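Down below is the structure, laid out as C-alpha cells.
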Amino acid sequence: MAHLTAVSSQLKPRVLTADSTAMNTQLLVEALAREEQFHIIESPSDARGVLHLIRREKPQVALISADLQDPKRGGTDLVRKVRLESPETRVIVLLDFSDRVGVTEAFRAGAQGVFCRTEPFRLLAKCIHCVADGQVWASSTELQYLLQALTQPAFPSNLNLSGGVLSARDVDVVRCVAEGLTNRQIAERLKLTEHTVKNYLFRIFDKLGVSSRVEVALYALRNGQGGHTSAIPSIRRLTPAPGLAAGNALRPVPIRQVAR
C-alpha cells in the first residue's frame, strides 16, 4: 500500500502558484492543497521570485496572476520570461476579468490557459490538469476573443515564415483558417477543390504538430505579429455544456476538431 501511495504521489503535477499578494497566494495554495491532487510550490508575489523558483523547481504548471506583470514592460512580459526560463513549464494566467485584451495577450505571450476569478473554484483543478496534460484551457467566450483577434485586417500580411515550416500555399490556407473560412470558402478563394483543401489542412496539422483548426488559428495568432513565437501544445476547444444558453455562465467541455 505504501508503494502504491508513493507512485500516486509521483504522478501529481507540480504546480507553482503566485497570486497578486502574499496573502492571496497563501489562500490559493491552501485551497489547492485541500484538493490533494497537486504538489504545490508557493512563490513570492513578485516577478523576480517567480523566475527564481521557475529556474530552481522546473514545475509542470505555473499559475500566475496577471497582476504580477510589470506595467512598464507590458502585460505579458512575465509569461514570456517564464517560457524562456523553462520551456517545459506550462503557464496559466489568472485574470480578474475575462477581457478581450487580457485573454489575447496572454495567449500571444505563450500561456497555455487563462482562468478568470469569476469562474467556480472547482473548475480550477480541472484547468490545471488539462494544461498539465498538454491541452489549452479557455472558455467559449475567450476562444471567441482569440478568433476575432485573428480576423483583424493587419494580421494576414504579417505571418512570420522565418522558421520555414510552412510553404507559401500552406500559409495561404492558414490565413483563411484564421479568418474563420470554411473548407468550401477556402477552396473558392484559392481556386482549389475542397478535397485539396482538406489535404493541405492535414499536412499543416502534421507540420505544426497540431490536430485542430483552433490550434492552427493559435499558431497564426502567436506568429502573426512578427515578434515572439511559441510552440503550440495540444489544444481542446472548450464549449458550453449541454443545457446552458449562450451568454450564461459556461462550463468548459473539451472536444476535438478535425480538418473539416
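The values are calculated or read from the model by the stated rules, or taken from the named source; none is laboratory data. Since we're looking at a predicted model, the values are computed, not measured. With ideal geometry, Cβ positions are generated from the backbone for all residues, glycine too; neighbour counts draw on all protein chains shown.
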Task: Leading residue by the ranking (modelled with the highest pLDDT) among those in the stretch 58-78 that are of a type in the set (S, T, N, Q) and in a loop (DSSP other than H, G, I, E, B) - done: Gln60
- [ ] Restrict the check to the stretch 136-144 and report whether at least one residue is of a type in the set (Gly, Ala, Ser), under 17 Å from Tyr219 (Cα atoms) and surrounded by 22 or more Cβ atoms within 10 Å (Cβ to Cβ).
- [x] yes
- [ ] Check Leu143 against each of (1) assigned by TED's automatic domain parsing to the domain that holds Leu32; (2) closer than 20 Å to Val174 by Cα and name the one condition it does not meet.
- [x] (1)
Task: Top-ranked residue of the stretch 79-127 - restricted to ones that are basic (Lys, Arg) and in a helix (DSSP H, G or I), ranked as surrounded by the fewest Cβ atoms within 10 Å (Cβ to Cβ) - done: Arg122
